[in-house]
1. For the range 1-39, enumerate the residues that are crowded, with 19+ Cβ neighbours inside 10 Å, in a loop (DSSP other than H, G, I, E, B) and modelled with pLDDT of 85 or more.
2. Would you mind telling me which numbered condition in (1) at pLDDT 90 or above; (2) exposed (fewer than 13 other Cβ atoms within 10 Å of the Cβ) R216 fails?
3. What residue, among those in the range 167-197 that are closer than 29 Å to C103 by Cα and either in contact with a strand residue (DSSP E or B) (Cβ under 9 Å, 6 or more places away or on another chain) or without any contact (Cβ under 8 Å) to a residue 40 or more places away in the chain (or both), is surrounded by the most Cβ atoms within 10 Å (Cβ to Cβ)?
4. Search the range 40-79 for residues being at pLDDT 90 or above and either on the phi > 0 side of the Ramachandran plot or among the charged types (D, E, K, R) (or both), and hand back the single one that is nearest to the chain's Cα centre (by Cα).
5. Would you mind telling me which numbered condition in (1) within 30 Å of R13 (Cβ to Cβ); (2) open to solvent by 100 Å² or more (accessible area, probe 1.4 Å); (3) not basic (K, R) W200 fails?
6. Residue check, K152 against (1) open to solvent by 70 Å² or more (accessible area, probe 1.4 Å); (2) assigned to a helix (DSSP H, G or I); (3) touching a residue at least 40 places away in the same chain (Cβ under 8 Å); (4) within 28 Å of L86 (Cβ to Cβ), all met but one. Which one?
7. Could we say that D55 is of a type in the set (D, E, K, R), open to solvent by 70 Å² or more (accessible area, probe 1.4 Å) and over 21 Å from S1 (Cα atoms) here?
8. Within the range 94-149, track down each residue that is modelled with pLDDT of 90 or more, over 19 Å from the mean Cα position of the chain (by Cα), surrounded by 14 or more Cβ atoms within 10 Å (Cβ to Cβ) and in a loop (DSSP other than H, G, I, E, B).
Amino acid sequence: SGGAGTGKTRLLRTILQQSETLSGSRERVKVCAFTNNAAGQFVGGVTVHRLLRLDVDRSGRPQFRNQNELDGERLASLQDEFSNTLAVIIDEKSMIGCFMLWCIDQRLRQAKPQSAHLPFGGLLVLLCGDMSQLPPVGDKPLYASSGQKTAKQQLGYALYKLFKMGFKLKTSMRQQGEANEDFRQELGRLADGSFTIADWRRWSSRELATLPEEER
């Protein structure tokens, strides 16, 4: 995890590149994200829904239907696609909720039937992202330890607690140097909800409409 500009995407690209270089295959590590825009940052990246054949509610509500087990051709194609896969990277983890993580677990168990008794079908799963970004819609955030949850959300929360190893990128690669120190501090306060009136006034002075023509 890490804030914007700390190099999360660069690190994931390096992992994918090294995996392909060492194994000679892009199938060893799969990468997906909650949105198509984020998935498109990676070679071979797709949305988590497409990768795992997760159905979404077509009524217009941002809710997920109860996920049924795959069968027939859909199941066969999923298992074939994951036959040589050892790890799955999931980007935009802030948008993955407890129920969604349970769905991911169920699909990966189906993808790897020989190890279906293990969480995520025995695959290594890497969650990446910034928890201060957008939360899930219509689901409980992964970090929601309290509050009412459905049985499947409780299972998803238990799965999230299995993630024991974490790495946090702290250095902003986009806003470096002493000249950007104030801006870095302001971005941090914006992310954790401690943004001040003084911060807002400073940012207001940089609105496009108030800038001289050459700065626009």
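The values are calculated or read from the model by the stated rules, or taken from the named source; none is laboratory data. Since this is a predicted model, take the numbers as computed values, not measurements. Because the Cβ atoms are built from the backbone with ideal geometry, glycine has one as well, and the counts that use them run over all protein chains shown. All accessible areas refer to the heavy atoms of the entire protein, side chains included, with ligands and DNA or RNA removed. Shrake-Rupley method; radii C 1.70, N 1.55, O 1.52, S 1.80 Å.
1. The one that is crowded, with 19+ Cβ neighbours inside 10 Å, in a loop (DSSP other than H, G, I, E, B) and modelled with pLDDT of 85 or more: F34.
2. It is condition (1) that R216 fails.
3. Among those that are closer than 29 Å to C103 by Cα and either in contact with a strand residue (DSSP E or B) (Cβ under 9 Å, 6 or more places away or on another chain) or without any contact (Cβ under 8 Å) to a residue 40 or more places away in the chain (or both), it is L169.
4. R50
5. (1)
6. (1)
7. Criteria not met by D55.
8. K112
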